[in-house]
Each structure stands twice: as structure tokens, then as C-alpha cells.
Amino acid sequence: MLFHAYTKEFRYNLRLATPVMVGMLGHTLVSFVDNVMVGQIGTAELAAVSLGNSFIFIAMSIGIGFSTAITPLVAEADTEDNFEKGKSVFKHGVVLCTLLGLLLFLVLLASKPLMHVMNQPEEVVALALPYLDLVALSMVPLIIFQAFKQFSDGLSLTKYPMYATLVANILNVILNYALIFGKFGFPQLGIIGAALGTLIARFAMLFILWWMLSQRNSSKAYVTNIKFRSLHKQPLQKLTALGLPSAMQMFFEVGIFTAAIWLSGILGKNAQAANQIALNLASMTFMVATGLSVTAMIRVGNQKGLKDFAALKRIAQSIFLLGAMFAILFALLFGAFHQLLPQLYVDLDNLADLANSREVVQIAATLLLAAALFQISDSLQVIALGALKGLQDVKIPTIITFISYWVIGFPLSFYLGKAERYGSLGIWIGLLAGLSAAAILLFVRFNYLTNRLILQQQKQ
């Protein structure tokens, strides 16, 4: 009977989470297709995309993390049936995300010289630099899109960002195929073609989502007739107070995975390419947990607005349970197919690069076993973060993520990842340790806060 109290929430949780999962998986699948296409050119090109995207991932983590502040505030306003509050959150959120997108673009351009002093293979750096230029520009429409997406999620309209993402991703795959290999009369641009396809698709994605929201009665009034000249200090401060810690939380997590890319680059281009393969595959399963995290943010935010803290905790626990079930399934799949999956990314028929390709597959297969182990930790920590954001608790979780990833995880990755120790596997052991620490501490934090809220309500 107690178990049923959690499982009865699964259907509604999945109804909210599935569109987010599909949309996020769409992004990752496009990255998968990009990597497969680029991997057919050569292992150096695959490593270059990995290096260029390592800078992009850091910028994305800040932009996407900041935008998540919009969702719980809109969810709370929606539950309170307060249209003016919801529209104010959306308007000010779009302004802040636009400014942040432009700033991140400029920072990425300014950071390019760092590639030359990071002890990365020069062949890889030469290919990565022009790739970064175009993908950096795509950060502007991407972060603005995130503002629209988080707003849409806050209204529980999670399907529309999914539709926009899927259409844009199909466009991205077609453009990448045409521009990477020179098909349909287009020039053969290699990895520059992959970057150009991404740039065009992200502008299209933003326009598609705005158009869909402007056509629906429940959201049209929010996204049209917006007076951007009329801005107010209080909502800007509220969004910033929630957004900056949220950005730092995601930055600390993505930062350690980015550090793994750089540490892999020190081991050589094959280790870096293998790390990219394992990271891309792990990212796909992580998108499912991310969908559940958004669901936790929405539903906890709704219950906070209703001040039903007992239901809030029960609903969140049902999402934790659902996430654990998915994580176990993915762990089993990674364990069963760890040798086969990396072979999708390389061309084993290319005799000129066969030795490199085989080494990449061997390293990636080992890393997938480590990825299988951290599925539960990774799922639990991101869902707990989503639930805490729904409670608008961001400061302590930011400290927790910093300690977990940079006091525990990174030092282990740096020490064990030396070539004379465990190499690539050692780097991922550090990732496992950081994710596990974050999962435990964030889960304890959520239980502490919800128990306190329930107790306070019972005393009243």
C-alpha cells in the first residue's frame, strides 16, 4: 500500500517528463549523429569536436542553469492563478537570458587562446578553433530558447519545447550531412559544416517554439505584446538570486566532465576521442534523468504554491523511485553492450586509421563500464537538484555541488587519471566519486527541508 502511494504518481510524472526527455534526447541524439559523422572523417576530427564542445559545455551549463530559475517561479504563479506575476517572470527572464547569451558568446571567443596552453594535441587544436567560432555564436539563440523552454515547462506545457527541438534536430541532421560531406550540391566543409548546421538549427528552434506558444490560448498572452522597455528591479533580483546559484550548480557538474575531456587530451587524441564517445552515450541516459528533474521542479513548485508539504515530499519521492528504476535499466544496457556501442562511432573499415580506431573502441568500452556504475548516482543527484529548485532552495545545494565535484571528484580524477596509474578509467573513477557524493548530500538536504516544513505545518 505504501509502495502504491508512490507508483500511482508515475503516470502523471511520465506525462510531464516524457516530452522533456524526448526533447533533451533529441539534442543528444543529434550530438550522437554529429559524432558518428565526424568520426567517419578521422579520430583527430572527433577529438577536435570534443575539445571545442568542452568549452561550449561550460558556457551552456551557465546559461541553461541560470534559465532554470524561470520554471519554479512560473509554476508557483500558475498555481496561484497570477497571470501578471507569471508574465513578469517570463519577460524579465528573456531579457536576462538574452544578455547572458551575448556575454557567453564573447567570453567563448576570448577563451580560444587557452587551447594552445592546455597541453592538447596541436593537430586537434588547429581543427577545434574554427569549429568553436560558429558554435559559440549559436549560444545566443540557444540560451534565449532556454528562457522560452523553462517558461513553457513552468506552465506544464512540456510538449512544445519537445516539438521545437525535434523539428530543429531533424534540420540539424540534414544540414550536417549535407555540409560535412558535401551532399545535395553543398560544399564539403568537414567539422565546420557540423558547426554551421548547429547554428542554423538553433535559430530555427527558437523561432518554432515562440510560434507554437503564440498560437496556444493558454500561453499566447504571455509571449505576445511584451513591453521589454518596462523592466523592474524586484523580478530581476529574484531571478538573479535563484539563477546564479543554479548556474553555478550546473557549472560545477559540467565543469568536472569538461575537465575529464581536458585530462583525456593530455593522454592523447585516442583517449580524448574515447572519452567523447563514452560521454556522449552517458549523456543520452542522463537526459532521461534531466526530464525527471524538470518534473520534480514543476511538481514541487506547484505543491509549494499550494502549501501541501506532505504531498510535496511524497510526489518527489515517487520521482526519485522512477529515476532509480530507469538508472538500473541503463546500467544493465551499458554493461551488456559496452564493447559494441563504441564501434558505432568509428570506421573500422578505414585501414589507414584502423589502429587508432581499435584503441579508441577499447578505451571507450572500459569507460562505459564506469558509466554503468554511476547511473544511479547521476540520476539521483539531478532529480534532487530539481526538487530543491522547486523549493527555491539554491544556496546550500550550490555549496554541496562544489564540494562533491571539485573537492572530492576532481582531485581523484587528476590523481588516478595519470598515464602511469589508471589513465582514462582513473578519470572516470573520480567522476563516479563526485556524483555519488552529490547524490547522497542533495538527497539528505531535500529530506531535511521537507521534514522541517511538514513539522512546522503540523504545529500550526
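The values are calculated or read from the model by the stated rules, or taken from the named source; none is laboratory data. Not measured: the values here are computed from a predicted model. Here the Cβ positions follow ideal geometry from the backbone for every residue, glycine too, while neighbour counts run over all protein chains shown. SASA here: full protein model, heavy atoms, side chains in, ligands and nucleic acids out. Shrake-Rupley method; radii C 1.70, N 1.55, O 1.52, S 1.80 Å.
See the values below:
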read-out: Odd one out for Arg421 among (1) farther than 28 Å from Phe443 by Cβ; (2) charged (D, E, K, R); (3) buried (at least 24 other Cβ atoms within 10 Å of the Cβ); value: (3)
read-out: Enumeration of residues in the range 50-74 that are of a type in the set (A, V, I, L, M) and under 26 Å from Ser283 (Cβ atoms); value: Leu51, Ile56, Ile58, Ala59, Met60, Ile62, Ile64, Ala69, Ile70
read-out: Ala419 vs. criteria under 22 Å from Asn451 (Cβ atoms), of a type outside the set (Lys, Arg) and in contact (Cβ under 8 Å) with a residue 40 or more places away in the chain; value: no
read-out: Residue that is surrounded by the fewest Cβ atoms within 10 Å (Cβ to Cβ) [pool: residues in the range 207-231 that are part of a loop (DSSP other than H, G, I, E, B) and out of contact with any helix residue (DSSP H, G or I) (no Cβ under 7 Å at 6 or more places or on another chain)]; value: Arg229
read-out: Hey, Gln237 closer than 28 Å to Ala168 by Cβ, modelled with pLDDT of 90 or more and surrounded by fewer than 17 Cβ atoms within 10 Å (Cβ to Cβ) or not; value: no
read-out: Which listed residue, of Ser283, Ser293, Ser246, is among the small types (Gly, Ala, Ser), open to solvent by 30 Å² or more (accessible area, probe 1.4 Å) and closer than 30 Å to Tyr12 by Cβ; value: Ser283
read-out: Residue within the range 273-280 that is out of contact with any Phe, Trp or Tyr (no Cβ under 7 Å at 6 or more places or on another chain) and open to solvent by 10 Å² or more (accessible area, probe 1.4 Å) present; value: no
read-out: Helices (runs of 4 or more DSSP H) contained in the range 292-396 and holding at least 3 residues under 23 Å from the mean Cα position of the chain (by Cα) and of a type in the set (Phe, Trp, Tyr); value: 309-336
read-out: Helices (runs of 4 or more DSSP H) (entirely within the range 35-126) containing at least 1 residues that are over 20 Å from the mean Cα position of the chain (by Cα), of a type outside the set (Asp, Glu) and more than 28 Å from Ile180 (Cα to Cα); value: 70-79, 83-110
read-out: Condition met for Leu449 (out of contact with any helix residue (DSSP H, G or I) (no Cβ under 7 Å at 6 or more places or on another chain), open to solvent by less than 50 Å² (accessible area, probe 1.4 Å) and assigned to a helix (DSSP H, G or I)); value: yes
read-out: Check on Ser54, hydroxyl-bearing (Ser, Thr, Tyr), within 30 Å of Gln120 (Cα to Cα) and buried (at least 18 other Cβ atoms within 10 Å of the Cβ); value: yes
read-out: So Ala371, is it closer than 23 Å to Thr7 by Cβ and open to solvent by less than 10 Å² (accessible area, probe 1.4 Å); value: no
read-out: Matching entry among Leu137, Leu157 (being farther than 29 Å from Thr43 by Cβ and either modelled with pLDDT of 90 or more or open to solvent by less than 40 Å² (accessible area, probe 1.4 Å) (or both)); value: Leu157
read-out: Count - residues of the range 357-385 that are without any contact (Cβ under 8 Å) to a residue 60 or more places away in the chain, in contact with a His (Cβ under 9 Å, 6 or more places away or on another chain) and of a type in the set (A, V, I, L, M); value: 3
read-out: Condition check for Leu455: among the hydrophobic types (A, V, I, L, M, F, W, C), modelled with pLDDT under 95 and crowded, with 20+ Cβ neighbours inside 10 Å; value: no
read-out: Cross-chain or 6+ apart pairs with Cβ under 7 Å, the range 223-235 first and free of Cβ contacts under 8 Å to residues at least 12 places away in the same chain, then surrounded by 10 or more Cβ atoms within 10 Å (Cβ to Cβ); value: Thr224/Ser214
read-out: Top-ranked residue of the range 160-182 - restricted to ones that are among the small types (Gly, Ala, Ser) and assigned to a helix (DSSP H, G or I), ranked as surrounded by the fewest Cβ atoms within 10 Å (Cβ to Cβ); value: Ala178
